[in-house]
Amino acid sequence: MEFCVNSSDGFPPLDPITLRGCRFPDPSQRLSVLIAIKSRSLPEKVSLLHAQVFRLQLAQYDEVKSNPPSSSWVSKSMDKSFFVNRRDHQTGSFLVLTGLIWSLCISGLFAQTLQEPLPIRDLPRFDLLKMRDEQGGICAITDQTGWAKRRSKLLESMTAIMGKLPGEDQRCDFEIQVDEEVDCGSYVRRLIRYQSEPGCHVPAYLCIPKRCLMPEAESAPAVLCLHPTDNRVGHQVVLGIAGRPNRQYAAELAERGYVTLAPSYPLLAKYQPDIRELGWESGTLKAVWDNQRGLDLLESLPFVDARRFAAIGHSLGGHNSVYTAVFDPRIEVVVSSCGLDAYTDYYQANPGVWMPEKGWCQLRYIPKLADYRGRLEEIPFDFPEMVAALAPRKVLIIAPLNDGNFRADSVDRVVASARQVYKLWDAEDALQVVHPDCDHDFPDDMRELAYRTIDSVLKSP
């Protein structure tokens, strides 16, 4: 069979190439193939990382020939090599393909497949008041019940790409270890480790206002403080211990009377769990679970008001807070600083940032998004829907005008779309966006606005 590989697939322009060794039932089928590619004697320089995801288009059948010869090739085989020749049969021009073939829903010669094909978008990205009826047609959403159905489909799409959250059996004992305790004046800061799942302990800072530790003290609301990308000090940055300035919101909120928990993000700094070995498909969902278990931990503390939780984060922490709140309704208010824009707008849809281990496609985020490179419009979930999924909860999005990571104009489109859903609750004012005149930062006045926003929910009568 012949695959047409073009420059949008990450290859230099090549003539069609012929794959000998496999047949597929539908010549028009679009395939997502996980392959390892090596260049050998090609006139064009093909420089590709091992095990990258490429979008290939099946063009036509051709003769079948494998090396070694085989009448049946099973997809789980990892060491079989196939010759893939240039269609013009240039001497010495060939690619050797090895590895796993993923996301194939086929019959016939393949005896096994590893997973179902990834879903593709079938509803408008920004017009959120649309859904599929029972006949498969598109109809209008007019009430909260209709949105609940679309929200349910959103969660299905997210878990298809991010993986599924564990069941209750993974809610194991916390096995809390206190590694350090520091008197910070109005609060106590503890460096702890808690078990989020069997065999995995999350480093975290727990800050407790001293008044909460007094006998018969009233319980206090709590804030999940999610840190930005920092591969040197990690969660220390939100305590003001190290790292860049204007990120110390866990410390400042503790000074305002909140219990704060700042867990480490997986695969950053000193927190390096083997998420594949643990069974996770994405670092994003692993972080969501760690955060949810952090909320479980806060609920177990006698000085925490388990009815009042917020999440705040900058950059990585900004979208981490949104992802977590989508899955966990206990979070009543969300603050996201410099944390998002629409996937289709991310770095102007540059294909280079949608390669495996780039941008959103890194293992610590959502690796399967690499399969949508060159077709971002097909990603079945996006931030318009995820922000809308928080309705009618309070949400503040801080999107600086000069943010080099996320576009302010895209954030406006995200918020405008989500407000369609907030309107179903008459809660348009609960979703706010502000555009400070700064770069990728969380300056003093914006943090103060964030704290007032949290106060308006968690400290209201």
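Bear in mind these aren't lab numbers, they're just calculated from the coordinates by the rules spelled out. Quick caveat: nothing in here was measured; it's all calculated off a predicted structure. Glycine gets a Cβ as well: all are built from the backbone with ideal geometry, and neighbour counts include every protein chain shown.
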Q. Stretch LYS423-ASP133 to full length: gain in nm at 0.36 nm per residue minus the Cα-Cα span?
A. 102.2 nm
Q) For region 368-442, what class follows from the C-alpha gyration tensor (a ≥ b ≥ c being the square roots of its eigenvalues): rounded when a/c is under 1.5, otherwise prolate if a/b is larger than b/c, else oblate? A) oblate
**Q.** Within-15-Å neighbourhood charge of HIS440 [Cβ basis; K, R +1; D, E -1]
**A.** -2
Q: Could you please rank LEU390, LEU449, placing first whichever residue has the fewest other Cβ atoms within 10 Å of its Cβ?
A: LEU449, LEU390
Q) Between ASP445 and THR145, what is the spin-label point distance in nm, taking each point 7 Å from the Cα along the Cα→C-beta axis? A) 4.7
**Q.** Low-density loop positions, trypsin sites (Lys or Arg not before Pro), region 227-332 - DSSP coil, at most 13 other Cβ in 10 Å
**A.** ARG232, LYS270, ARG276
(Q) Counting other C-beta atoms within 10 Å, and keeping those with at most 14, which DSSP coil GluC sites (Glu not before Pro) do you find in region 259-346? (A) GLU277
